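Asker: Okay, handing you the structure first.
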Amino acid sequence: MARRSHLMEIGCIACDELSEVGAGEREGWLDDPSLLAALHHHSLALASATRPIALVLGWDHDHRFSSSAVRDPIKIHPVLSPYEGRITALEWLPFGDVLALALGTSAGLLLIFSVGGDLIHKQLVHTGHILRLRFRQTAKADGIGEGSISEELCVVLPGVVARFDGSDIQSLLHRWFQKSETGMWENSLNKLESEDDETSYGRIPFQVWNVGKFGSCVDAAITSIMPPPLLELQSSQRFYCAITIGNDSVISAYRLSEDRSRSLVGTILSKVVPVTFSTIASFSKLIWRNESNATRKSRPTPQSFAKELVSLSIASPLTCLKDTRRKGEKLTLSPSGTLAAITDSLGRILLLDTQALVVVRLWKGYRDACCLFVETLVSKDRASSSSSNYEYTKGDYCLCLAIHAPRKGIIEIWKMRTGPRLLTVPCPKGSKILQPSIRSGSSSQSPYIPLEVFVLNGDSGQISVLNRSLS
């Protein structure tokens, strides 16, 4: 009897264009730390920090055949000056039928491109290295029903966390799609290139918090909305919980406030910094009047930098786990944001309860591991009913943690929070596990779509999905 495979192939991205992001240069090219990958349904974006290019690869799977048709790759060439840095972060921005690709740079710039490769927006977030772009869909705090959700984009820099509301980004994308056909947007982009401005069309509002009290972070996430402090129970402001990991502290937690006036530093900067830069700029114009016709500078303008400083708020520290022997490396959130899997430099995986801020589980012996949360059918009775027309609900699935151990060449599935190991799947060397930022086709009318884990084989270019049933 043939051994059952727990991976089902859904597509292949093998093409000559992959060489432009480093494919084929060495064995295990997907393990390159400078290689960035972001998965969306039937689309994969790849970018390299050493090359000024982002590659969008897609496939159309036909269930009647075992193969899939590969779409023509789309190349995105961001025009970045030395002052604007290089590509360091990559993430999809899915809003229903509207889809865009966000790039972060080592100089703190956020670039938003259409799927066709057109530049939609360009904005300075903070002067620093963008480490991570994290797009999430969350249930609204005052929402009723499963259909009430909100989106947000979290931008992570060393010691800094920024939050963009999804509705503001979606509004910008809708305006672009409405005006792109008329040519009005092209005129706006031409104006962007000709003037000393950092945004293509307005400015997306956002807020930035300083989360560097316990040291610089290498990854972070805004987990959820949390209750206000005891002395501010009547406050109308929302408070968020942020989890950071880094070299100085393995895990740190902060309370983020929406009220920017709470920061004394922000108040001082809002009064002093704009006036100072305005005076310097006026004095510079008098001295360098003869150079007014010089070419446009690529460095962000002092005025814009002053505005960015005003938005910086101070986060309130909640707790910190310090261990000089180990360093936090990667952070992964569960769908609800109540759990976080954190890998460290000692090969350990910590499961953190983000509400109680307590480590509830620990795994050892997983160096260079990558973790993703997955929902699976673990009941044999429910899994055996797949041949009927039974439609699975959320209660039929169990939340598990998929641990990819590249040194062992396996993917392990562990039941949350205290359950056993359910499955061990052999994984080809040079593979990478990926997951879309949102579920595919999830709506109130359609059957429940569980959270899935995908596997990209670097040698063959095949993309497979882990079967929902583990029995």
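Asker: Give the separation of the Cα centroids, the range 29-57 to the range 89-136, in Å.
Answerer: Cα centroid to Cα centroid, the span is 13 Å.
Asker: Next question. Full extension from Q237 to K364: what is 0.36 nm times the residue separation minus their Cα-Cα distance, to one decimal in nm? All intermediate terms of the calculation are to be shown ahead of the outcome.
Answerer: Working: separation 127, 0.36 × 127 = 45.72 nm, distance 4.06 nm.
Answer, rounded to one decimal: 41.7 nm.
Asker: Shifting gears a bit: Apply the Karplus parameterisation 6.51 cos²θ - 1.76 cosθ + 1.60, with θ equal to phi minus 60°, to every residue of the range 370-376 and state each ³J(HN,Hα) to the nearest whole Hz, in sequence, with x for glycine and proline.
Answerer: Values, residue by residue: 10, 10, 9, 7, 9, 10, 10 Hz.
Asker: Could you compute the FRET efficiency for E27 and K394, with r as their C-beta to C-beta distance and R0 at 35 Å, rounded to 0.05? Could you put the intermediate results ahead of the total?
Answerer: Values: r = 41 Å, r/R0 = 1.18.
The computed FRET efficiency comes out at 0.25.
Asker: Could you go through the range 359-364 in sequence order and give the Karplus-derived ³J(HN,Hα) for each residue, using 6.51 cos²θ - 1.76 cosθ + 1.60 with θ = phi - 60°, rounded to whole Hz, and x for Gly and Pro?
Answerer: So the J values, rounded to whole Hz, are 6, 9, 7, 9, 10, 10.
Asker: Sticking with this one: Listed here are the pairs K75/K179; K122/K322; K122/K364; K322/K394; K122/K408; which of them are more than 31 Å apart at the Cα? Walk me through the numbers before you get to the answer.
Answerer: On the way: K75/K179 23 Å; K122/K322 37 Å; K122/K364 42 Å; K322/K394 37 Å; K122/K408 42 Å.
Correct reply: K122/K322; K122/K364; K322/K394; K122/K408.
Asker: Got a sec? How would W414, W59 order by Cβ neighbour count within 10 Å, fewest to most? Walk me through the numbers on the way to the answer.
Answerer: Details: W414 22, W59 19.
Ascending number of Cβ neighbours within 10 Å: W59, W414.
Asker: Points 7 angstrom from Cα along the Cβ direction at I149 and S171: gap in nanometres?
Answerer: For the pair I149/S171, the computed spacing is 2.2 nm.
Asker: Assuming R0 = 35 Å, what is the FRET efficiency of V79 and S460, from their Cβ-Cβ distance, to the nearest 0.05? Could the numbers behind the result be given before it?
Answerer: Numbers: r = 34 Å, r/R0 = 0.96.
So, using R0 = 35 Å, E works out to roughly 0.55.
Where a number appears in this text, it was derived from the coordinates with a stated rule and is not lab data. As the structure is a prediction and not an experimental result, all values here were calculated from the model. Ideal geometry is used to build each Cβ from the backbone, glycine not excepted, and the neighbour counts take in all protein chains shown.
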